[in-house]
Amino acid sequence: MSIKELNKNPLSQITENVYLSGVTGVTNVDLMRSAGITHVLNLAAGDASHLTYDLGHGPAIADDDVSQNTSFIKTSKVSTLGGDMVDNAQVLIVRREYLRDSDDQSLLSYLDDLVDFVSKAVSVGGKVVVHCMAGVSRSASVVLAYLVRERAMSLREAHDHVIACRPVIRPNMGFWAALVEYELNIRGENSVEVLDYAAGSVPSLDSYQKEMQLRLRLGWMDHLFYNLAVQFFILIAQMMGSLWIFSDYSK
């Protein structure tokens, strides 16, 4: 998928049942309906953590409010912990986990639980979208972990697949370190390592290594400018997401 195509459809399909997005995708009612989304995993912090996902056809129910024995999608009704029976066609199951997009944000301890949510949604025939603010780091990291554990991909294969579907993904280095350890725990070996350079650390993927080598050649001033440019891009993506939230609430 090209950047131009991504701008037209910010809801990126990773597998038949798993999507990756930022706020701009999940606040687009037409895209969410067209994709048939039944489950949402929200990893954003701040205002985006409180999205209501009003698709105009019924309530969104928190994942904690759905009974453990519910076979969502396969049954005609969903039973909530309150005892209410609701048509599953009118329900959106939402799980929220507030993560910061920061190198010091713990991720490894969350991964199995978050992958479980995605896996269970898929196992009952649901379609799940994993999102954060920009669909670049937090949500991408969880989708990579899902592919490693549930689709038997190496971390390198998972990255190559996801970046082909959504070219803007770029987990922060703290998340990469967690993913490298997660792959080792799941597969007993690593296809990606964290490489340390004078200018910082990068995963052992060609695109990252080429960028690092370029930074080292250009010198520290260009390295600083490059980092600022990357952060500026992420900031713009987050601001666009915030504008979507504001416009959604102001309607």
Worksheet entry | Where labels lie 7 Å past Cα in the beta-carbon direction, separation of R187 and R96 in nm | 3.5 nm
Practice prompt. Collect residues whose amide H, placed 1.01 Å from N in the peptide plane, falls under 5 Å from the amide H of V130; neighbours closer than 5 in sequence don't count.
Written response: Y19, L20, S21, L41
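Stretched out fully, how many nm does the piece from L235 to D113 gain, at 0.36 nm a residue minus the Cα gap? Intermediate values should be presented prior to the final figure.
On the way: separation 122, 0.36 × 122 = 43.92 nm, distance 2.84 nm.
Value of the extension gain: 41.1 nm.
Bear in mind that the values in this text are calculations on the coordinates, not laboratory data. Fair warning: this is a prediction, and the values are worked out from it, not measured in the lab. Here Cβ is always computed from backbone atoms with ideal geometry, including for glycine, and neighbour counts include all displayed protein chains.
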